[in-house]
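The values are calculated or read from the model by the stated rules, or taken from the named source; none is laboratory data. Bear in mind that the values here come from a model prediction, so they are computed numbers and not experimental data. Ideal geometry is used to build each Cβ from the backbone, glycine not excepted, and the neighbour counts take in all protein chains shown.
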Amino acid sequence: MPDPVGTDSLSRLQDAWLFDDGRAFIVKTGRIQWWEKQKFWEVHDVEYTDQIETLAFCPIDELIRCVRDGRPAIPWTVLAQSDRTSALYAVGEDGTCFAFAIQHFPWNRLQTFQFHPTQAAAAVFVGEAEGIFKEVLYCDGMWFGSRRALGRQERMELVDLAARRTVLQVSDWGFVAADRRHALSYKRVPGSKRGFQVTLYDWVDNKKIQTWKNRYFHYDLKSNTFLLF
């Protein structure tokens, strides 16, 4: 398969998705985590060169034709790219759009985007929020971000990015998923030999619903399904 993805390369592939009922292929490059990029930015490290991240898509039928015909390049459409000053969060797809966000370190701001392959050839800007976020979550049109609570480093807060308000604070490591009423958090329990402690909250009424211990988990955005095992 031809290697170039815009100015980037498939050799740096990190993740890939079949989208739009298998009609579109989306790839993300960049073998680096957001917190690693933030650390490099804070210490002004310009020596580490593998800091580029790219999100791109190609219609699957065009991709197949290019590979079959041995063409020298695939006509990728680059949706977003981040350099050493930012980090790219590929949140995933829910069946209607592909959601992603860009964390800008110099501005201390997060920008959110949606891509609808049947509606536009480029990603659509959704909004922005102030702060550095550990996780970015999307479900049913709502965007959330998680970060350390100000002045309380042992607690994480869940922020409704559109409303720009904190909806929940927990003494956990972070959040798995959130929707218009519920949120799932996780943490490792000291002394536990396997898995995590996962807790389901009703953030509207600010109450804990249920906790599972010593479990692993997986969340699928497209089907809005949470699996414990």
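Numbers for the structure displayed
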item: From 28, 37, residue being among the basic types (Lys, Arg), closer than 19 Å to residue 222 by Cα, outside any loop (DSSP other than H, G, I, E, B) and not assigned by TED's automatic domain parsing to the domain that holds residue 220; result: 28
item: Output for the stretch 144-197, where each listed residue is over 22 Å from residue 215 (Cα atoms) and basic (Lys, Arg); result: 147, 148, 152, 164, 165, 180, 181
item: Positions within the stretch 4-40 being without any contact (Cβ under 8 Å) to a residue 24 or more places away in the chain, surrounded by 13 or more Cβ atoms within 10 Å (Cβ to Cβ) and more than 19 Å from residue 101 (Cα to Cα), in sequence order; result: 9, 10
item: Only one of 28, 37 that is touching an Asp or Glu at 6+ places or on another chain (Cβ under 7 Å) and of a type in the set (D, E, K, R); result: 28
item: One residue from 78, 126, 43 being surrounded by fewer than 16 Cβ atoms within 10 Å (Cβ to Cβ), under 30 Å from residue 157 (Cα atoms), not assigned by TED's automatic domain parsing to the domain that holds residue 156 and not polar (S, T, N, Q); result: 43
item: Residue within the stretch 156-169 that is surrounded by fewer than 16 Cβ atoms within 10 Å (Cβ to Cβ), of a type in the set (Lys, Arg) and part of a strand (DSSP E or B) present; result: yes
item: Residue match in the stretch 206-227 (condition: touching a His at 6+ places or on another chain (Cβ under 7 Å), of a type outside the set (Val, Ile, Thr), closer than 25 Å to residue 95 by Cα and not in a loop (DSSP other than H, G, I, E, B)); result: yes
item: Residue satisfying condition, being closer than 26 Å to residue 108 by Cα, aromatic (Phe, Trp, Tyr) and either modelled with pLDDT under 95 or more than 15 Å from the chain's Cα centre (by Cα) (or both), within set 186, 201; result: 186
item: Every residue from the stretch 136-155 that is assigned to a strand (DSSP E or B) and either under 16 Å from the mean Cα position of the chain (by Cα) or not charged (D, E, K, R) (or both); result: 136, 137, 138, 139, 142, 143, 144, 145, 146, 147, 149, 153
item: Selection from the stretch 87-130 of residues that are part of a loop (DSSP other than H, G, I, E, B), more than 26 Å from residue 50 (Cα to Cα) and in contact (Cβ under 8 Å) with a residue 24 or more places away in the chain; result: 94, 95, 117, 118, 121
item: Index of the failed condition, residue 133 passing every other in (1) aromatic (Phe, Trp, Tyr); (2) surrounded by 17 or more Cβ atoms within 10 Å (Cβ to Cβ); (3) not in a loop (DSSP other than H, G, I, E, B); result: (3)
